[in-house]
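Values in this text are rule-based calculations from the coordinates and carry no lab data. Remember, predicted model here, so these are calculated numbers, not experimental data. For neighbour counting, all protein chains shown are included, and Cβ atoms are generated from backbone atoms with ideal geometry for every residue, glycine included.
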Amino acid sequence: MNIIQRHSLNPVLSAKDVPYDASLVFNAGVAKWQGRYVMLFRNDYGQTEQSWREIHATGQWPHLSTNIGIATSADGVHWEVGPKPVFQMRDEEILRVYDPRLTIVEGRPILCFAMDTKHGLRGGVATTNDFEKFDILSLSVPDDRNMAMFPERIGGRYVRLERPMPVYSRGAGKEAFDIWLSESPDLRFWGESRLVLGAERVPFANSKIGPAAPPVKTPRGWLATFHAVRRSESDLYSWEGGWRKEYLAGLMLLDLEDPSKVIGMSREPLMAPETDYETRGFRGSVIFPGGMILEDDGEVKIYYGAADTVECLATAALSDLFSLVEPICRP
Ligand code: BMA
């Protein structure tokens, strides 16, 4: 049985839909807000498959830049892209912000994002009232990213999943990075950090894992996607060459009251790259979920970046997803 259905209109958003300079449109955050679906998407511009061939031939790097655009939709499938990017940061220290995840927390849009700086990778939290102006509430120390906010306070605190990158103490050249959680009284100060899922517990990963879409509340627990990397022995299709990381989507269930407790996890990948739009692109074989919406009728929409090139949609029935998440440590 196919639990996951890839949408027939995939990719649901790509560079050709964007009315300004755009090359790779992917890794979006999606939420429902004020009666519409809102998508914040990553746009890497200034590169093409051809320009990467030139890099290989000449060794000259093009000018690579990233901004974040907005698209809205009445049905979550057909998208209208705003006339200009809505979020970009770049200065002496900051190289770019990317990989937005959007959560409506008690009615307030909260954006989590990654930030490349000259002194490391930081995870950021911002808020907005209008999707035009974003106020940065917190930025982590390096190296931490893939933050995904829960949609409500738990035990009176805001909660986020995150993925630090302990290269000395844990990575040992393998990138064995794990999913963590932190709490905050105000979205600014983060603490009570604890491990949620170690990469070694994911049977289909042999490298790092990280949080994907912001978790969704269900009667049985918080349903959360994650990404998991399986390193391949040989090169995978990519524009840049030498790409060997396959990104799969995983699914877990977290305890409603203490979401650092994993109460279920699918032993098989929820999704593995298989279609052309997932296997061929800037970095082939990448599935990177960033948005998940539970509809009133029990349909779950999962939005994911495919091959670091386009944005796609897959759907599943909540009851089928429950059947995948076999209990692994229920008391
Ligand atoms: C990760 C991040 C993501 C990207 C993925 C696959 O490290 O950079 O933005 O989608 O790699 O390239």
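Lys-Lys pairs in the chain that are eight or more residues apart or on separate chains and whose Cα atoms lie under 20 Å of each other come to 11.
Where only DSSP H runs of four or more residues are counted, the chain gives -1500 deg cm²/dmol as its mean residue ellipticity at 222 nm, each run worth -39500 (n - 2.57). Each of PHE41, LEU9, ALA22 was placed along the dipole of the stretch 1-94 (beta-carbon charges, centred on the mean Cα), and the one lying farthest toward the positive end is LEU9.
Using Cβ point charges alone (K and R +1, D and E -1), the dipole size of the stretch 5-327 about the Cα centre works out to roughly 480 debye.
Placing R0 at 30 angstrom, the Cβ-Cβ distance between GLU326 and GLU106 gives a FRET efficiency of 0.40 after rounding to 0.05. Here the simple spin-label model places points 7 Å from the Cα toward Cβ, and for HIS7 and LYS245 these points are separated by 2.6 nm.
If the chain linking HIS119 and GLU92 were pulled fully straight, counting 0.36 nm for each residue of separation and taking away their Cα-Cα distance, it would gain 8.6 nm. Given R0 = 25 Å, the distance between the Cβ atoms of ARG220 and ASP130 translates into a calculated FRET efficiency of 0.10.
Here the stretch 252-293 yields Rg over Rh of 1.13, to two decimals, using C-alpha coordinates and the Kirkwood radius. Between GLN60 and ASP235, what FRET efficiency follows from the Cβ-Cβ distance if R0 is 22 Å, with the result rounded to 0.05? For R0 = 22 Å, the calculated efficiency reads 0.50. Per-residue packing, averaged as other Cβ atoms within 10 Å, sorts the ranges 179-185, 15-21 into the order 179-185, 15-21, beginning with the highest.
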